[in-house]
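Below is one structure; the comments refer to it alone.
A short reminder: the numbers here are calculations on the coordinates, not readings from a lab. Just so you know, these numbers come straight off a predicted model, no measurement behind them. Cβ atoms come from the backbone with ideal geometry, glycine included; neighbour counts cover every protein chain shown.
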Amino acid sequence: MPSESSVAMVASAIRAEAGRRQAGERLPSTREFVRTLGVSPVTVSRALASLVSEGVVVTRPGEGSFVAARSGGGAGQAADFSWQTLALGERRTSASGVLVSLEEPPPGEIPLASGYLHLSLLPVRALAAAVARAARRPDAWERPPVTGIGGLRAWFARSAGGQADAADVIVTPGAQGALAAAFRALVPAGEALLVESPTYPGALAVAASAGIRTVPVPVDSDGIRPDALARAFAATGARAAYCQPTFHNPTGAVLSGERRPQVLAVAAAAGAFVIEDDYGRYLAHERPAPPPLIAEDTDGRVVHLTSLTKPASPSLRVGALIARGPVAERLRDIRVVDDFFVSRPLQEAALELVSSPAWPRHLASLARALATRRAALAAALQQRIPQFTVPVLPRGGVCLWVRMPGHLADDRLARMAARHGAVISPGRSFYPAEPPGSFIRLSFAAAARPEDLHEGVRRLALALPAA
């Protein structure tokens, strides 16, 4: 069976061919594409089917494939959308910092920006088996409870530990939806939210979309600094702080054992919540991740969010919010208003996956693979670009946070690296304010093989003179 990447490559070639022809003009035959592109007829057929669904190509049985008519506002005239400028008003939402890690790189480029695992690292067989078992359940297509099916909620509660139980869990469509609900529930528009600096760009985008002001709190090798957090609470009157205590994105830092109770005490003194983003719990390398912060929470101070998306599959959009007290009702109401509930078959499949013997085997295999890739990327940087340094060698997660000499501009380097076939994340998108130095984030999870990481760094090195 052809791989998705080969189908995408052929589809790209046929799309380019269609772009050079007039609407209605006949495209080369399948046999000709097979010969010129060096692929199988099945791959060409799947690529054509994809382009038909996009409206790029039309097929006529017995005649062949043709360039579809271009949509538009008439003969040679583009539609006038200028009226929308006034109607839309000021722009508050930008996904630019997130899209760099979501977009598929062009064929031949080395992806060092994506936070998702390469297909070879996913538990594909276990997922297929879980979906098949879930589909056979007699209640698989019934409407689920709005907060999620009981078995999955109980599993998330056990994973969090502490005083949480199934009644405290709300199943969400991944962590991003959970993040949006938590921010909106705890921080009114126009008010301040304390965030680590640097931090996850998706969190900054969610806050901006909700009209929330983000106030940076510095992070070092032991995680967020409690002294700076206390000063930020006092200066802003904020009632919530967002942090990633485990395998912080992007630095990889883990909140130290000494600081964990200090962070909770600082939040308690301010009468504030702590929003704990536990995205990396199942991405540990050599040893298990430390317990989440919510496990030490005794008074409902922590709103915890997690997801199965990172360790299982980008398409397994299943996560959880865990909260205790009145805030849990507010979070539930927001989630229900937004999208009612998460698809029951997806929840059942997730429960089947994490309840199977294949799940711990996958996590153990994934840990070894990520450790190997982390070492390969760090070694390649040391060998080819020794002037780049890694302040924290992470014990989990999927990326390295790399400090560059001050004269190098991260955004310019990203553009030049792309020209050499390497996709990287400029560090400035991880900061809520001006960055204190020049950084880039390099992912070691999305490349097809560890050897590709060496090639990616080689291409990055080639971009340096131009940057």
Inset, instruction - Determine, at each q value in 0.18, 0.27 (inverse angstroms), the log₁₀ of I(q)/I(0) that the Debye formula gives when each Cα of the stretch 4-67 is one equal point scatterer. - result: -0.55, -1.30
Inset, instruction - Can you check how the C-alpha radius of gyration of the chain compares to 2.2 N^0.38 Å, as a plain ratio? - result: 1.06
Legend entry - Mean Cα-pair separation over length for the chain, i.e. relative contact order, pairs under 8 Å, 6 or more apart, %: 19 percent
Inset, instruction - Quick one: compute the contact order of the stretch 306-402, relative version, from alpha carbon pairs under 8 angstrom and 6+ residues apart, as a percent. - result: 16 percent
Inset, instruction - Order the peptides 141-153, 268-280 from the highest to the lowest mean number of other Cβ atoms within 10 Å of their residues. - result: 268-280, 141-153
Inset, instruction - For a footprinting-style exposure proxy, rank Trp401, Trp359, Trp83 by other Cβ within 10 Å, fewest first. - result: Trp83, Trp359, Trp401
Legend entry - DSSP-defined beta bridges in the stretch 124-355 - what % are antiparallel, rounded to 5: 40 percent
Inset, instruction - Looking at the chain, send over the antiparallel percent of its DSSP beta bridges, to the nearest 5. - result: 60 percent
Inset, instruction - Compute the Cα gyration tensor for the stretch 187-261, then decide on rounded, prolate or oblate, letting a ≥ b ≥ c be the square roots of its eigenvalues: rounded whenever a/c is under 1.5, prolate when a/b is larger than b/c in the other cases, and oblate in all that remain. - result: oblate
Inset, instruction - Just tell me, in residue order, which DSSP H segments of the chain are both 30 angstrom or longer along the helix axis (alpha-carbon based) and at least 1.0 in mean Kyte-Doolittle hydropathy. - result: none
Inset, instruction - Enumerate the residues in the stretch 6-42 having an amide nitrogen under 20 Å from the point lying 7 Å beyond the Cα of Glu451 toward its Cβ. - result: 6
Legend entry - For the stretch 124-355, Kirkwood radius (reciprocal of mean inverse C-alpha pair distance, Å): 17.9 Å
Legend entry - Computed Rg/Rh of the stretch 138-268, alpha carbon atoms with Kirkwood Rh: 1.02
